[in-house]
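A.B. asks: Please see the structure below; I have some questions.
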Protein chains: 2
Amino acid sequence: MKKHISMIAILAGIFFLITACNSNTKKRQEIMKADKNELNAIFPKGEKGSADLFTGNAYNIGLVDVDSVFTTAVGNVFFEPGARSNWHSHPAGQILIITDGVGYHQIEGQAIETIKKGDVVKCPPNVRHWHGASPQVGLQQIYIVPNTEKGIVDWQEAVTDEQYKK
Amino acid sequence: MKKHISMIAILAGIFFLITACNSNTKKRQEIMKADKNELNAIFPKGEKGSADLFTGNAYNIGLVDVDSVFTTAVGNVFFEPGARSNWHSHPAGQILIITDGVGYHQIEGQAIETIKKGDVVKCPPNVRHWHGASPQVGLQQIYIVPNTEKGIVDWQEAVTDEQYKK
């Protein structure tokens with residue numbers, strides 16, 4: 001009888017160890033999954049973009065204010081999944097640097113292009129375009145507007161769901 | 001005798017499980033440690049900077065080549081710990097955006113300033129400066145040179161160990 005009890009105790013110990021091991025593995029997998037879904041923020045999120053200029057939740061923070069020496073505006077936009085800018089254009093063009101996530105960029109009349117971490121986009125002066133996140137994953141991007149003495153941005157109408165889903 | 005052998009087998013099994021668990025924990029700790037010391041790369045590392053222009057290991061990748069429309073040069077530099085640029089100046093100034101790590105920036109005649117992830121530095125036109133990593137942690141930075149029609153960069157002498165350690 002004693003032998004049986006100690007045997008049961010040992011088996012219970014083994015079961016406990018296996019469970020503990022598995023539980024650690026599961027926790028690790030959950031942490032890795034969370035990391036993969038969240039973007040690696042470089043800057044504070046900033047202020048929510050106006051519903052007049054953006055569809056969905058987009059947050060903007062200015063990094064370099066316009067002045068007469070650098071004549072350059074720089075900022076960071078974080079688009080939550082599904083969020084995008086209205087159609088707009090820049091008198092001197094715009095450079096986008098994607099620092100994390102996955103999104104879309106479209107120049108009017110051209111196909112939507114998928115943009116992701118590490119991509120760089122140059123949009124020529126006075127060309128209508130929009131940019132934003134993919135439906136599933138957010139987008140984090142730095143924008144650079146050069147030669148601001150020519151103007152910064154001309155905002156236009158919203159990107160419809162039909163245009164976004166094409 | 002049989003009882004002893006099965007007891008030894010069970011104890012060996014327990015020992016194996018404990019070792020396996022510990023080994024997993026150690027591996028996880030090593031991965032987390034490596035993640036903490038390594039910067040979150042956004043772009044490919046690029047090419048090693050010339051020893052004529054940099055002290056230590058610095059890697060540069062161009063993101064936007066100069067053209068007559070955007071008149072802006074953009075690139076990414078990754079400085080390994082201890083690495084720094086030579087003294088240099090820009091005819092139209094330079095904007096630095098720190099995307100990860102910790103480093104230093106100094107405008108000649110001013111104190112060395114510590115720069116880190118999320119910081120933005122504006123260095124005025126024709127002012128001598130240098131930038132690089134801290135001795136312990138690397139630095140990842142995007143540079144923006146505006147108004148390239150005025151020139152891009154004038155390289156000068158190396159930053160001595162005495163200047164770097166001040």
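A.B. asks: Just give me the residues in the stretch A:60-98 being in a strand (DSSP E or B), within 11 Å of another protein chain (Cβ to nearest Cβ) and within 22 Å of B:T71 (Cα to Cα), in sequence order.
C.D. replies: A:G62, A:L63, A:V64, A:A73, A:V74, A:G75, A:N76, A:Q94, A:I95, A:L96, A:I97, A:I98, listed by residue number.
A.B. asks: Tally time: how many residues in the stretch A:98-119 are touching a Phe, Trp or Tyr at 6+ places or on another chain (Cβ under 8 Å) and either of a type in the set (V, I, T) or over 19 Å from B:T99 (Cβ atoms) (or both)?
C.D. replies: Summing the residues that are touching a Phe, Trp or Tyr at 6+ places or on another chain (Cβ under 8 Å) and either of a type in the set (V, I, T) or over 19 Å from B:T99 (Cβ atoms) (or both) in the stretch A:98-119 gives 8.
A.B. asks: When the stretch A:129-146 is examined, which residues are found to be over 24 Å from B:T99 (Cβ atoms) and either of a type in the set (A, V, I, L, M, F, W, C) or within 14 Å of chain B (Cβ to nearest Cβ) (or both)?
C.D. replies: A:W130
A.B. asks: Pairs, please: C-beta under 7 Å, at least 6 apart or cross-chain, first residue in contact (Cβ under 8 Å) with a residue 24 or more places away in the chain and more than 15 Å from A:H90 (Cβ to Cβ) and in the stretch A:140-166, second buried (at least 19 other Cβ atoms within 10 Å of the Cβ) and of a type in the set (D, E)?
C.D. replies: As it stands, the answer is A:Q140/A:D100, since those pairs meet every condition given.
A.B. asks: Before we move on, is B:I152 within 10 Å of another protein chain (Cβ to nearest Cβ) and either under 21 Å from B:G46 (Cβ atoms) or in a helix (DSSP H, G or I) (or both)?
C.D. replies: When the stated conditions are applied, B:I152 does not pass them.
A.B. asks: Now a separate question. Within the stretch A:104-133, count every residue that is buried (at least 19 other Cβ atoms within 10 Å of the Cβ) and farther than 25 Å from B:V77 by Cβ.
C.D. replies: Number satisfying all stated conditions: 8.
A.B. asks: Same structure, new question: Being within 14 Å of chain B (Cβ to nearest Cβ) and hydroxyl-bearing (S, T, Y), is that true of even one residue in the stretch A:103-110?
C.D. replies: For the stretch A:103-110, residues within 14 Å of chain B (Cβ to nearest Cβ) and hydroxyl-bearing (S, T, Y): absent.
A.B. asks: If a residue must be assigned to a loop (DSSP other than H, G, I, E, B) and in contact with a Leu (Cβ under 9 Å, 6 or more places away or on another chain), how many such residues does the stretch A:119-149 contain?
C.D. replies: Counting residues in the stretch A:119-149 that are assigned to a loop (DSSP other than H, G, I, E, B) and in contact with a Leu (Cβ under 9 Å, 6 or more places away or on another chain) gives 3.
A.B. asks: Right, next: Confirm whether B:A51 is in a loop (DSSP other than H, G, I, E, B) and free of Cβ contacts under 8 Å to residues at least 60 places away in the same chain.
C.D. replies: yes
A.B. asks: Next question. For the subset of the stretch B:60-82 comprising residues that are under 16 Å from the mean Cα position of the chain (by Cα) and buried (at least 21 other Cβ atoms within 10 Å of the Cβ), which member is farthest from A:A92 (Cα to Cα)?
C.D. replies: Checked the stretch B:60-82; the qualifying residue farthest from A:A92 (Cα to Cα) is B:F79.
Computed from the coordinates by the stated procedures, all read-outs in this text should not be read as laboratory data. Computed from a prediction, not measured in an experiment: that's the story for all the values here. Cβ: placed from backbone, ideal geometry, glycine included. Neighbour counts: every protein chain shown.
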